[in-house]
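Note sheet for the following structure.
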Amino acid sequence: MDKYIDVIRSSMPPLDEFTNEIRELWDTHWLTNMGCKHTALEIELLKYMAVENITLFVNGHFALEAVINCFHLSGEVITTPFTFVSTTHAILRSGLTPVFCDINPDDYTIDVEKIESLINERTTAILPVHVYGNICNTLEIERIAKKHNLKVIYDAAHSFGVTVDGIGVGNFGDASMFSFHATKVFNTIEGGAVTYPDTENNLKTKLNYWKNFGITGPETVEAIGCNAKMNEFQAAMGLCNLRYVEAEIEKRRLVHERYFERLNGISGIKLPSPSSLQKNIKRNFSYFPVLFDGFKLSRDEVFEKFLSNNIRTRKYFYPTINSLDCYRDKFNSHNTPIAKYISERILTLPMYADLALSDVDRICDILL
C-alpha cells in the first residue's frame, strides 16, 4: 500500500534543541504569565517581522478578538466570507455585525472595488484577509479607510514571513493578527500575535490587560478580559522554530516549483499565483491551492480520488462563511457569488517543508 500523505505536516525543531530550550523552566518553575521565553520570543519576532510592536497570545483567534475589543469598535465590520470561521466568530463574539464583501477571482483576497458600496453610518472597520499568503491591496484599503475614518485590522494568519517591497506584512493597517498554529509556516504549537504601529493610544498596555483578565495590579481589575496568554512551552517552541523558518520556506518553495512544473498549463486547472496588486513580494509558500474549473473531474471527485490513494487534501475554504450552518439563516452566500464559486472548486494540495519531491510527483501523477 502507498504511504499516507497528509495535507500538512507541522514543522518541528530537533528534539534535543527543544529540550535544551525548556530545561531552565525546571529551575524557575515559571511556566506562564509572560516569563523569560515569552519575552525572548517577542524580541526575536520584532526583529524577524520588522514591526514596531508585537503582543503574543495563546492562539490567533484570541489575538483577533483582543484587538477588535481594544479598538472599542461598534456596529458593522466589512470582511470576507472566504476565510476560516475564526475571523467571523471573532467579530460576532465581540458584539459586532459582519458585512461580507466578495473576493476577486485572481488571488482570492477582498475585492477592493466593492468595499465602498458596503460602507454606511454603522461601519467602523474593515477586516480583510491575506489568503494563502497572497496580500490584499493594502494601498487601496488604506485609501478607503482614511476617506471614511475606519480602522483596518488584517487577518494575516497565512502570511507570516511575507514582505511587500521589503516591508513586513505586519506593518499594514492599524493592526494585523497572525496565527502560530501547528499548521502554519511558523508555529508555537498553538499561538498567535497582534502587530501594530500605534503607540500613542497605549494599545500594547490594553492588549496585555485584555489577555490577562483585565488585571492591572495586585488588587485591581480595570477592564473585562480573558485568559489568552501564551505559555512558556509555546514560546520555547517558537524560539526553536524561528531559527529554521527561512530554511523551511525555501523547502516549501521547491515543493511549490515542482507542482508548477508538473501541473502548469493543464486544461481546467488554475494554479496559485502571487498577487498582481503588489510587486516585489517575498512569499512564504504557505499553501498550494488548485482551482478545478472545467477539469474532467469535479473538485469533489478529485478529492475522493486522492483520498482513495492515501493522499489527504483540503477543501479550503469550503463552504464560505455565509454558507455555514450557524450563519446561513443570517446571511446569503449568493450575495458573494465569486467567493461561493471559488469555494466550490478550490482544493489545497499537500504542502509542507519536508514533503519529498517524489511524493509531489506521485500526487501529480494521480491528478494527471
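The values are calculated or read from the model by the stated rules, or taken from the named source; none is laboratory data. Remember, predicted model here, so these are calculated numbers, not experimental data. Every residue, glycine among them, receives a Cβ derived from its backbone with ideal geometry; neighbour counts consider all protein chains shown. SASA here: full protein model, heavy atoms, side chains in, ligands and nucleic acids out. Shrake-Rupley method; radii C 1.70, N 1.55, O 1.52, S 1.80 Å.
Which longest run of the chain has no exposed loop site in it, a site being GluC sites (Glu not before Pro) in a DSSP loop with at most 15 other beta carbons within 10 Å, and the site itself not part of the run?
Between exposed loop sites, the widest span is 223-368.
As a test of reading the structure, rank CYS364, CYS36 by solvent-accessible area (1.4 Å probe, protein chains only), most first.
Working: CYS364 0, CYS36 65 Å².
Highest to lowest solvent-accessible surface, that is CYS36, CYS364.
What net charge is computed for the residues neighbouring ALA182, neighbours being all others with C-beta under 11 Å from the C-beta of ALA182, Lys and Arg scored +1, Asp and Glu -1? Don't skip to the end; give the middle numbers.
On the way: positive: ARG9, LYS184; negative: GLU190.
Once positives and negatives cancel, what remains is +1.
State the number of lysine pairs found in the range 183-266 whose Cα atoms come within less than 20 Å, restricting to pairs 8 or more positions apart or on distinct chains.
Summing the qualifying lysine pairs gives 5.
Using DSSP to define loop residues, name the chymotrypsin sites (Phe, Trp or Tyr not before Pro) in the range 193-230 whose beta-carbon has at most 15 other beta-carbon atoms within 10 Å. Don't jump to the answer; show the numbers that get you there.
Details: sites: TYR209, TRP210, PHE213; in loops: PHE213.
Hits after loop and neighbour filter: PHE213.
Any idea how far the Cα center of the range 10-58 sits from the one of the range 207-273, in Å?
So the two Cα centres are separated by 13 Å.
If we count every other residue with Cβ under 15 angstrom of ARG314's Cβ, Lys/Arg +1 and Asp/Glu -1, where does the sum land?
Neighbourhood net charge equals +3.
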